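Shown next, in structure tokens, is the structure this report addresses.
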Amino acid sequence: MLPDVKNLIELQNADREIARLKDEIAALPKRVAAIEQKLAGTKAVLEKAKTAVKADEAARRKYETAILDLQQKISKYRDQSLEVKTNEQYKALLHEIQFAEQEIRLNEDKILELMVNAETREKEVKAAEVELKSETAEIEKEKEEARQRTADDEKQLAEWNAKRDTARAAVNADLLRQYDRVAKYRGSGLSEVRGQKCLACQVMLRPQTYNEVRAATNVVVCDSCQRILYHDPSHDEPNAAAVSVRRRRAHPKFEAGQAWYYRPSHGEDGEVFVVFINGKGESSRRVYEVGSGRKLGDTLVREGEYRLGFPEDLTDAIRLNGHWEESEIDEWGNEMPTSTIDTLQRDLDLARAEAAAPAHTHTHRESVPAEHPAAS
């Protein structure tokens, strides 16, 4: 691995850890505010319960005062009844006494209701007080932990800033500007390559680019996302290359109604996958970019089966294994799924390994017309 790239890896790790610590430090005041808001809610519940108790006590005093007033009226009416001279006056006073006695009973019922509710109110107050006490202790503990975490994060932040400065000082200035520019817009300026794929943008690399990254003789940038690429051999699957060479490759049927090909060059588009589909006296052609799976141009339809309709597309082409229903292919729209790209790429690697193997190890190949010797 190039020293500059190794230092960039350390720089990116420092940048990520610094960003994490800054986010955590910024989030801690919000956490403390949320804790205090929770405590304020519990205090509000307690105040509401106490207010309800006071309101009930005030209402009870009001009803008791009303009863005393009514009892005084009754006593007054009875004294007056002893002095009346007519039955009409007596009946009127008796009616007033009965009305006052009825009002007394209503007030007594209300007082009784308040007395029944008072027990519930007291329980609510006590429960709220217990909860407030418990939450206050817990919240003070959480606030102290938040303050301690902030202090620890700020200490770590200072250490990571120092590591970041050291790493930046060790990187070539031009390469550092490339890293900073891409990181500003994409969040990271560096990406690992694994399985011939840029792990950051998930785009397949051209074989030549992939080999350059693995060789680590010069800095390589991803054509898709512009991140600086590196390869870590420790992340490779063990003996993957050997397994691929030894694996027996199945060969596609020559007269299949659907045929996939790899072409190393397709006009100005570079490497492409091409799929031909025969049907009802005509054939269709769809072309996809190898790296991204992006569909290039429109679907073309010509008369005759594809070998007669598209002979120019079979030059220097490698026949691949692959079959997907035409309806599924239409659902892809303008971009081939990553799983399909991986399947075709694996078969292409096997085809190349097979072609590079000694002649006596080759399995039987399908026969192809003489004018297209490269198809297999």
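Please tell me if Ala40 is crowded, with 16+ Cβ neighbours inside 10 Å and not polar (S, T, N, Q).
Details: crowded, with 16+ Cβ neighbours inside 10 Å: no; not polar (S, T, N, Q): yes.
No: the conditions fail for Ala40.
Can you name the number of the only condition in (1) surrounded by fewer than 17 Cβ atoms within 10 Å (Cβ to Cβ); (2) closer than 25 Å to Arg263 by Cα; (3) in contact with a strand residue (DSSP E or B) (Cβ under 9 Å, 6 or more places away or on another chain) that Val203 fails?
Of everything listed in (1) surrounded by fewer than 17 Cβ atoms within 10 Å (Cβ to Cβ); (2) closer than 25 Å to Arg263 by Cα; (3) in contact with a strand residue (DSSP E or B) (Cβ under 9 Å, 6 or more places away or on another chain), Val203 misses just condition (1).
What's the total number of residues in the range 1-33 that are touching a Phe, Trp or Tyr at 6+ places or on another chain (Cβ under 7 Å), at pLDDT below 85 and farther than 30 Å from Ala215 by Cα?
Number satisfying all stated conditions: 0.
Look at Leu11 and say whether it is more than 15 Å from Glu140 (Cα to Cα) and touching a strand residue (DSSP E or B) at 6+ places or on another chain (Cβ under 9 Å). Talk me through it step by step, then tell me what you get.
On the way: more than 15 Å from Glu140 (Cα to Cα): yes; touching a strand residue (DSSP E or B) at 6+ places or on another chain (Cβ under 9 Å): yes.
Criteria met by Leu11.
Looking only at the range 132-145, count every residue that is surrounded by 12 or more Cβ atoms within 10 Å (Cβ to Cβ) and either of a type in the set (S, T, N, Q) or within 12 Å of Ala40 (Cα to Cα) (or both) and tell me the total.
4
Can you list residue pairs whose Cβ atoms sit under 7 Å apart, with the first residue in the range 59-71 being assigned by TED's automatic domain parsing to the domain that holds Ile104 and under 14 Å from Asp109 (Cα atoms) and the second being assigned to a helix (DSSP H, G or I) and basic (Lys, Arg)? Count only pairs 6 or more apart in sequence or on different chains.
Tyr63/Lys110
Take Lys155 and decide whether it is free of Cβ contacts under 8 Å to residues at least 24 places away in the same chain and either under 30 Å from Ala14 (Cα atoms) or under 47 Å from the mean Cα position of the chain (by Cα) (or both).
On the way: free of Cβ contacts under 8 Å to residues at least 24 places away in the same chain: yes; either under 30 Å from Ala14 (Cα atoms) or under 47 Å from the mean Cα position of the chain (by Cα) (or both): yes.
For Lys155, the condition - free of Cβ contacts under 8 Å to residues at least 24 places away in the same chain and either under 30 Å from Ala14 (Cα atoms) or under 47 Å from the mean Cα position of the chain (by Cα) (or both) - is met.
Considering only strands (runs of 3 or more DSSP E) fully contained in the range 273-376, which possess at least 2 residues that are modelled with pLDDT of 80 or more, under 44 Å from the mean Cα position of the chain (by Cα) and surrounded by 15 or more Cβ atoms within 10 Å (Cβ to Cβ)? Steps first, answer last, please.
Numbers: elements: 282-289, 300-303, 318-320.
Once the strands (runs of 3 or more DSSP E) in the range 273-376 are filtered for at least 2 residues that are modelled with pLDDT of 80 or more, under 44 Å from the mean Cα position of the chain (by Cα) and surrounded by 15 or more Cβ atoms within 10 Å (Cβ to Cβ), what remains is 282-289, 318-320.
Determine whether Asp23 is within 30 Å of Ile228 (Cα to Cα) and assigned by TED's automatic domain parsing to the domain that holds Lys143. Walk me through it before giving the result.
Values: within 30 Å of Ile228 (Cα to Cα): yes; assigned by TED's automatic domain parsing to the domain that holds Lys143: yes.
Yes; evaluated as a whole, the condition is true for this residue.
Residues Val45, Val5: which one is more than 30 Å from Gln148 (Cβ to Cβ), assigned to a helix (DSSP H, G or I), β-branched (Val, Ile, Thr) and not assigned by TED's automatic domain parsing to the domain that holds Tyr179?
Numbers: Val45 fails: more than 30 Å from Gln148 (Cβ to Cβ).
After applying the criteria, what remains is Val5.
The values are calculated or read from the model by the stated rules, or taken from the named source; none is laboratory data. On a predicted model such as this, the values are computed, not experimentally measured, just so you know. Cβ atoms come from the backbone with ideal geometry, glycine included; neighbour counts cover every protein chain shown.
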